[in-house]
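The values are calculated or read from the model by the stated rules, or taken from the named source; none is laboratory data. These numbers were taken from a predicted model, which means no experiment stands behind them. Heads up, the Cβs are rebuilt from the backbone with ideal geometry, glycines too, and the neighbour counts pull from every protein chain shown. We work out accessible area using only protein heavy atoms, side chains counted, and drop any ligands, DNA or RNA first. Shrake-Rupley method; radii C 1.70, N 1.55, O 1.52, S 1.80 Å.
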Amino acid sequence: RPYLIDGDGIINLPQLGRIPVSGLTVERVEGLLVERMRAFVQRPQATVTIVQFRSEPVFFVGAFKAPGIYPLQGRRTLVEVLSTIGGLQPNASRRIKITRRKEMGSLPLPGAIESTDGKTTSAEISMGSLRENVNPAEDIALQPFDVISVERAEMVYVNGEIGKIGGFELGERESISVVQIISLAGGLSRDAMPAKARILRPVLNSSRRSEVPVDITRILAGKDNDFPLLPN
């Protein structure tokens with residue numbers, strides 16, 4: 001008859017007692033049963049069949065092609081589930097965030113941060129390194145109730161006397177330089193005053209922006225270093 005694997009990953013069987021099976025393959029569980037049964041049977045054989053998975057959810061939120069709640073059946077890695085749901089939308093950020101409940105263990109990722117209430121840990125992963133398998137450890141095994149979220153692509157905005165006014169996506173880049181954004185925007189207009197350009201940069205945890213003067217004339221002449229532009 002069927003036996004339930006409890007929340008601690010243990011099967012309690014008559015005669016054989018409590019057997020920890022969490023994280024084991026079916027073949028390994030069969031081997032454990034054979035070892036236990038040798039106390040009662042001369043040439044024991046064991047066949048294990050999984051008749052039902054307990055379907056615990058993981059949540060994909062934001063700019064995925066198919067966001068939603070997905071059942072986590074068996075051991076599934078982040079890349080496996082991302083492939084199942086079709087990956088990211090074209091305008092999605094190339095950094096995804098994973099949040100895990102504390103009772104499911106801490107995230108095995110460098111830079112994982114605990115929430116202020118101590119109930120979750122979270123970390124960000126670059127889709128570029130994940131896709132190219134730069135760091136295989138980032139392809140973590142998902143746990144029940146993990147939340148995987150992705151925002152829209154972060155933007156840098158250009159306004160004023162320039163070829164094309166508007167927002168430009170950073171994509172997988174952490175930043176883009178002044179010269180790069182001018183090139184993407186079609187260059188400066190004839191009425192532009194490149195020596196008096198300015199960058200408006202958000203001030204953390206406020207609605208204010210700091211003003212950074214930039215002399216594009218000196219940058220283009222190689223007299224000043226190019227300046228990195230950050231999201232927003």
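Surface composition of the chain: carbon plus sulfur atoms contribute 51% of the solvent-accessible area (1.4 Å probe, protein chains only, all chains present). The relative contact order of the chain comes to 14 percent, based on Cα pairs under 8 Å that sit 6 or more residues apart. With the cut-off at 1.5 for a/c, could you classify the chain from its C-alpha gyration tensor as rounded, prolate or oblate? Because a/c hits 1.5 or more and a/b exceeds b/c, the chain counts as prolate. Sparsely packed loop sites in segment 1-63 (the chymotrypsin sites (Phe, Trp or Tyr not before Pro) outside DSSP H, G, I, E and B with at most 13 other Cβ atoms within 10 Å) comprise TYR3, PHE40, PHE53. In terms of distances greater than 25 angstrom between alpha carbons, the cross-link table entries LYS65/LYS97; LYS65/LYS102; LYS97/LYS119 yield LYS65/LYS102. Counting only alpha carbon atoms, the long axis of helix 26-37 and the longest principal axis of the chain meet at about 30°. When you restrict to C-alpha pairs under 8 Å that are six or more residues apart and normalise by the size of segment 115-232, the relative contact order lands at 22 percent. Put simply, the amide H of LEU72, placed in the peptide plane, has neighbours under 5 Å in GLU56, VAL58, leaving out anything fewer than 5 places away on its chain. Database remark: amide H of ARG95 closer than 5 angstrom to the amide H of MET127 (H placed geometrically; neighbours at sequence offset of 5 or more, or on other chains; Pro and chain starts carry no H). Between VAL203 and ASP117, the contour length at 0.36 nm per residue exceeds the Cα-Cα span by 28.5 nm. Legend: calculated FRET efficiency, ILE50 to GLU151, from the Cβ-Cβ distance at R0 = 41 Å, rounded to 0.05, equals 0.65. Remark: the chain carries a charge dipole of roughly 260 debye about the Cα centre, counting +1 on each Lys and Arg Cβ and -1 on each Asp and Glu Cβ.
Within straight-line reach of LYS196, meaning a Cα separation under 26 Å, sit the following lysines at least 8 residues removed in sequence or on another chain: LYS164, LYS223.
Out of segment 130-232, which GluC sites (Glu not before Pro) are coil in DSSP terms and have no more than 12 other C-beta atoms within 10 Å? Sites meeting the loop and neighbour criteria: GLU132, GLU174.
In this structure the chain gives 65 Å² per residue of accessible area when probed at 1.4 Å with all protein chains present. Assuming R0 = 25 Å, can you tell me the calculated FRET efficiency for the pair GLU161 and LEU220, based on Cβ-Cβ distance, to the nearest 0.05? Plugging the Cβ-Cβ distance into 1/(1 + (r/R0)^6) gives 0.95.
Taking all Cα pairs closer than 8 Å and separated by 6 or more residues, the relative contact order of segment 3-58 comes to 21 percent.
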